[in-house]
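**Q** Handing you this structure, nothing more for now.
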Amino acid sequence: MTTSTTDEVFYDPYDVELNADPFPMFRRLRDELPLYYNETHDFYAVSRFSDVNAALLDKDTFSSARGAILELIKANIPIPPGVLIFEDPPIHDIHRRLLSRMFTPRKIQALEGQIRQFCADSLDPLIGTGRIDFVADIGAQMPMRTIGLLLGIPEQDQEAIRDFANDQMRTEEGQPMKAASAGMAGGELFAAYIDWRAEHPSDDIMTELLTVEFEDETGVERRLSREELLTYVNVVSGAGNETTTRLIGWAGKVLAEHPDQRKQLVDDPGLIPKAVEELLRFQPPAPHVARYVTRDIELHDRTVPEGSVMMMLIGAANRDERHFAPDGDVFDIHRISRPHLSFSAGTHYCLGSALARLEGRIALEEILRRFPEWEVDLSAARLSPTSTVRGWETLPATTC
């Protein structure tokens, strides 16, 4: 692993110690090296909001077709059709249109009652125990049950599906993710559910994907192939669990560190949607995303050559004081609303953003209603070792 001195401007996505708190280094990158090059892993990085936002919007220069993760781009392995975040237009737009029909505002809002019940089922048994683990007890439970409901996965199988999705994202400490060397995992785990739904249609995403007809990139009217179906369900399952699980974990830690703002949320739950946005900005579950550079491009008086990997440091951009004045490193639920990049931007703006926001709001409402105060036990907390998302594997706390 690359090491750094206290004076060195240095960013390594596999450095466990650095990634425990990357924000001081993110500030130095923004101020001192807004275009950064890491020789060890051979990638460039941008960190200012304007640069990251512009790069995310420039789909032609910064391509997703070889993946959006450093390890995958370097491995140059085949990407299965249907992995939206690893596709460029026009095929990306075709696949996105299919899924967007299943994440309409009406369908998302109709889930509120069930999501609230999932939260109650997780939280009510904890009342009077004096403890809660924001990940194990709620963050890893409610999103799993919600996406299982949407997909049509039986409750008894949902934990196995969640753990499968999580395992695809995990890395050993200081090491690249497994998929780069083993090839991208397919969705064969979901084959039995797809076969069942083909014979027993229901009101869920899996049934819709089985029956939807569309015009593909060649102009042919058809249904999704089996491989595409498996990939779609795999992608939705993983994405549907990860973001909200991390968001809830960070809510537990950040609000414990800001008890005055937590009390304001208890006293006025109407502030919770703003708190969710500030949490997403302040501690984004995905701190960076990578792209393959398709042409030479000039940035900050340097040339980034065609064939390079560009990493967009979302975690750095989300705290850029040039955009989030006066100080992006301050958590403030009353901050004047400005767009953050936690759900990306442009072509790859997260299809599940409305669902993640709804789940985050309901989870905070239900947690704060039952547990207005808590203290996190950091001695027993553990950050996830993965280099692709950043959040807590476990976050135990004592409640009052």
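The values are calculated or read from the model by the stated rules, or taken from the named source; none is laboratory data. Since the structure is predicted, the reported quantities are computational estimates derived from the model, not experimental observations. Reconstructed Cβ throughout: ideal geometry from the backbone, glycine too, with neighbour counts over all protein chains shown.
**Q** Looking only at segment 213-267, filter to residues that are surrounded by 14 or more Cβ atoms within 10 Å (Cβ to Cβ) and part of a loop (DSSP other than H, G, I, E, B); which one of those is modelled with the highest pLDDT?
**A** Checked segment 213-267; the qualifying residue modelled with the highest pLDDT is 258.
**Q** Could you say whether any residue in segment 377-388 is in contact with a Lys or Arg (Cβ under 6 Å, 6 or more places away or on another chain) and hydrophobic (A, V, I, L, M, F, W, C)? Break it down stepwise before answering.
**A** From segment 377-388, those in contact with a Lys or Arg (Cβ under 6 Å, 6 or more places away or on another chain) are 386; that's our starting set.
Checking the rest, the ones that are also hydrophobic (A, V, I, L, M, F, W, C) come to none.
No: zero hits.
**Q** List the helices (runs of 4 or more DSSP H) inside segment 1-102, counting only whole elements, that have at least 3 residues being in contact (Cβ under 8 Å) with a residue 60 or more places away in the chain and buried (at least 20 other Cβ atoms within 10 Å of the Cβ). Walk me through how you get there before you give the answer.
**A** Numbers: elements: 16-20, 23-32, 49-57, 70-75, 91-100.
Where helices (runs of 4 or more DSSP H) fall fully within segment 1-102 and carry at least 3 residues being in contact (Cβ under 8 Å) with a residue 60 or more places away in the chain and buried (at least 20 other Cβ atoms within 10 Å of the Cβ), they are 23-32, 49-57, 70-75.
**Q** For segment 136-158, enumerate the residues that are in a helix (DSSP H, G or I) and out of contact with any Lys or Arg (no Cβ under 9 Å at 6 or more places or on another chain).
**A** Taking segment 136-158 as the starting set, the residues that turn out to be in a helix (DSSP H, G or I) are 136-139, 142-151, 155-158.
Listed by number, the residues that qualify are 136, 138, 142, 145, 146, 149, 151, 156, 157.
**Q** Suppose the filter is closer than 30 Å to residue 102 by Cα, modelled with pLDDT of 95 or more and buried (at least 19 other Cβ atoms within 10 Å of the Cβ); does residue 367 pass it?
**A** yes
**Q** Please determine whether any residue of segment 352-367 is under 25 Å from residue 52 (Cα atoms), in contact with a Gly (Cβ under 8 Å, 6 or more places away or on another chain) and assigned to a loop (DSSP other than H, G, I, E, B).
**A** There is at least one residue in segment 352-367 that is under 25 Å from residue 52 (Cα atoms), in contact with a Gly (Cβ under 8 Å, 6 or more places away or on another chain) and assigned to a loop (DSSP other than H, G, I, E, B).
**Q** If you don't mind, another one. Under the condition of being within 20 Å of residue 67 (Cβ to Cβ) and surrounded by fewer than 19 Cβ atoms within 10 Å (Cβ to Cβ), which residue from segment 185-212 is modelled with the highest pLDDT? Don't jump to the end; show me each part of the working.
**A** Quick first cut of segment 185-212, residues within 20 Å of residue 67 (Cβ to Cβ) only: 185-187.
Okay, now just the ones that are also surrounded by fewer than 19 Cβ atoms within 10 Å (Cβ to Cβ), so 185-186.
Details: 185: 49, 186: 52.
By that ranking, first place goes to 186.
**Q** Of the residues 269, 284, which is in contact with an Asp or Glu (Cβ under 6 Å, 6 or more places away or on another chain) and not hydroxyl-bearing (Ser, Thr, Tyr)? Spell out the reasoning first.
**A** On the way: 284 fails: in contact with an Asp or Glu (Cβ under 6 Å, 6 or more places away or on another chain).
That would be 269, the only listed residue that is in contact with an Asp or Glu (Cβ under 6 Å, 6 or more places away or on another chain) and not hydroxyl-bearing (Ser, Thr, Tyr).
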